[in-house]
Amino acid sequence: MLLAADVRALTAESDHIGGVFADLHHVGQNDLRALLHVFVAETQGRALTSGQLRQRMGVSGAAITYLVDRMIDSGHLHRVSDPADRRKVILRYSRHGKSVARAFFTPLRAHMHTTLAGMPDRDLRTAHRVLTALTEAMRAFEQQLVGAAPS
């Protein structure tokens, strides 16, 4: 299926660019994964706790504490009280973290904008629906895997 091959190629290229970002900013691959999960949650308007990040990344509580503390110490993230439940602490990008990400990824955004500028809006809306559907399929598959995992 051509679409599946395209998604794999996009994922591989995205992973490679993420690796370049990680190398340039002296963060590890797990640090980068954590930053991506926090970014996606923020973009979707969701709060993300350390516990939820631990589940998303499949690491131990001690490992996620060490990773989050390192990302806070490096200035990429900070912890804030959840406005909906003051007992919960959520992870957010810090001003410095946003600045670093913006400086690196803004040129990529410009390349994407230039590349997509000639495409009709209808095609872009269709592509958005396809990518959203594929993301949902992957989430459903993840839930199936989690449900089948031995306890």
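Bear in mind these aren't lab numbers, they're just calculated from the coordinates by the rules spelled out. Bear in mind the structure is a predicted one, so any value in this text is a computation, not a measurement. Counting neighbours? That spans all protein chains shown, and the Cβs are built from the backbone with ideal geometry, glycine included.
Considering the range 71-90 alone, what residues qualify as being closer than 18 Å to Gln29 by Cα and either loosely packed, with under 14 Cβ neighbours inside 10 Å or in contact with a helix residue (DSSP H, G or I) (Cβ under 7 Å, 6 or more places away or on another chain) (or both)? I'd like the intermediate steps shown before the answer.
Looking only at the range 71-90, we keep the residues that are closer than 18 Å to Gln29 by Cα, and these are 71-77.
Once the filter is applied, which keeps residues that are closer than 18 Å to Gln29 by Cα and either loosely packed, with under 14 Cβ neighbours inside 10 Å or in contact with a helix residue (DSSP H, G or I) (Cβ under 7 Å, 6 or more places away or on another chain) (or both), the range 71-90 yields Met71, Asp73, Gly75, His76, Leu77.
So how many residues does the range 9-29 have that are closer than 25 Å to Ile72 by Cβ and either touching a residue at least 40 places away in the same chain (Cβ under 8 Å) or over 15 Å from the mean Cα position of the chain (by Cα) (or both)?
Looking only at that region, the number is 8.
How do the pairs read when you match residues in the range 98-119 that are closer than 18 Å to Ala34 by Cβ and touching a residue at least 40 places away in the same chain (Cβ under 8 Å) with residues anywhere that are of a type outside the set (Lys, Arg) and surrounded by 11 or more Cβ atoms within 10 Å (Cβ to Cβ), using Cβ under 6 Å and keeping only pairs 6 or more apart or on different chains?
Note: pairs meeting the criteria are Phe104/Phe21.
Is it the case that Ala101 is exposed (fewer than 10 other Cβ atoms within 10 Å of the Cβ), among the small types (Gly, Ala, Ser) and either more than 15 Å from the chain's Cα centre (by Cα) or on the phi < 0 side of the Ramachandran plot (or both)? Walk me through how you get there before you give the answer.
Working: exposed (fewer than 10 other Cβ atoms within 10 Å of the Cβ): no; among the small types (Gly, Ala, Ser): yes; either more than 15 Å from the chain's Cα centre (by Cα) or on the phi < 0 side of the Ramachandran plot (or both): yes.
Considered against the rule, which asks whether it is exposed (fewer than 10 other Cβ atoms within 10 Å of the Cβ), among the small types (Gly, Ala, Ser) and either more than 15 Å from the chain's Cα centre (by Cα) or on the phi < 0 side of the Ramachandran plot (or both), Ala101 comes out as no.
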